[in-house]
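Working notes for the structure below.
Bear in mind that the values in this text are calculations on the coordinates, not laboratory data. It should be emphasised that the depicted structure is a prediction, and the values quoted were computed from it without experimental measurement. Ideal geometry is used to build each Cβ from the backbone, glycine not excepted, and the neighbour counts take in all protein chains shown.
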Amino acid sequence: MATMQSSNVLRQRVLVASGDALFRRALIEGPRCADQVSEEALGGAHALAQLAVAPYDSVLLDRQLPDLDAVEVAETIRRRHPQTRVEMLDSDCRGQHHPVRIPQSGDRLAVPSARIAGPATACASGGPEPVAERLPGMIGTSRSIQQVYRLVRMVSKRDTTVLITGETGTGKELVAHAIHQLSSRANQPFVAVNCAAIPEALLEAELFGHVRGAFTGAVQSRLGRIHVAQGGTLFLDEVGELPLSMQAKLLRFLQNGEVQRLGSSDVYKVDVRVVCATNVRLLELVQTKQFRMDLYYRMAIFPIVLPPLRDRRDDIPRLAQHFLESMLGEVSLPAKRISDQAVDFLKEQPWHGNVRELQHAIERACILTGEDSELREEHFQPFVDDAQMIEL
């Protein structure tokens, strides 16, 4: 019997969530996590993402999270994962940690009630999670996309750096726009930079600006995209394509909020909220030394993972109808509809290009219908055949 109990202890999984790497390491190496499988989360959003893909027996949650309110995170964990124990820990500059247990029954949280927001308190009873309000410009009610809605609304009011990951065509720039529109910076600039579309030789000048004569062709001084985004949001798309030389400069900017134009010794302080996006696995690039680990952790304070379209098939009919109506409205064509058989057909496709591929399929099928008022399955077949050829 003693051997069986020991085996059960060994199988216990604990998640340590804190923005303080030394605090996480002290907990994992201390007696609290002894003989347990311990993993780390860099903040509240990272912890919620970890719990969504793997079960944990307990979560050690630092009250001083870098992104979300710890009480809100604890309530969310209780609601979504009632079998997971949650323990909140206080840490101060002297390294003292005072545990506060989160009850797993219907008892109130052992934290000041004034800090518990209304929505979290209303859901603490363990009832079904309310439907999340969709984001500006986004369509869908599937469970996976609602999780994105919730995370965006949690972080939008803060200046936390956000890393949006997902396959090509999942809507990363739409999410970045939503974060900006829901923030206090909504009336300030939203500046998007595609890091893969700018030649390496010009990237530093494009981001940080340059003074006259800084390089051949620099006939006049120019502010960089970072400076142009002053007071607003800078969206860095395809950050996985950044060369290592630029990664060091970007890290310095994220840490200090300072910009130094190419060819100048002057340093300017800027107030910019940064949202990054990529369709590659940055941690794999970190392991192969193609991406700086310190930059990754600085960008991934609040990660948001966008689901591929194949994981939210229930949203396909609504998305297809939205794209059809938008296209017809742009060219002032008579109304058309998508047949039920065509909708079923669309829901069965793999959609390797995700939402963007669906949008293109609707546009092509609409053209193929000609004067017909209904989009049928055969109108989508050429598009599907081409996609299968590309896959092969």
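Its Kirkwood hydrodynamic radius, worked out from the mean inverse distance over all distinct Cα pairs, puts the stretch 126-215 at 15.6 Å.
For the stretch 143-307, the calculated P(r), taken from all Cα-Cα distances in 5 Å bins from zero up to the bin holding the longest distance, is 2, 9, 18, 21, 21, 15, 9, 4, 1, 1, 0 percent. Here the calculated FRET efficiency for residue 297 and residue 37, from their Cβ-Cβ distance with R0 = 25 Å, stands at 0.70, rounded to the nearest 0.05. Put simply, the amide H of residue 338, placed in the peptide plane, has neighbours under 5 Å in 375, leaving out anything fewer than 5 places away on its chain. Working from the Cα coordinates of the stretch 310-391, the gyration tensor eigenvalues give, after taking √(5λ), semi-axes of 20, 14, 12 Å in decreasing order. Whole-Hz Karplus values for the stretch 259-265 come out as 10, 10, 5, 4, x, 10, 9 Hz, taken residue by residue from phi with 6.51 cos²θ - 1.76 cosθ + 1.60 and θ = phi - 60°; glycine and proline positions read x. The value of relative contact order for the stretch 188-313, using C-alpha pairs under 8 Å at least six residues apart, is 27 percent. The calculated FRET efficiency for residue 314 paired with residue 378, based on their beta-carbon distance and R0 = 25 Å, is about 0.55. Please identify the trypsin sites (Lys or Arg not before Pro) of the stretch 278-384 that satisfy two criteria: DSSP loop assignment and at most 14 other Cβ atoms within 10 Å. Which are they? Of the trypsin sites (Lys or Arg not before Pro), the ones in loops of the stretch 278-384 whose Cβ has at most 14 other Cβ atoms within 10 Å are 281, 289.
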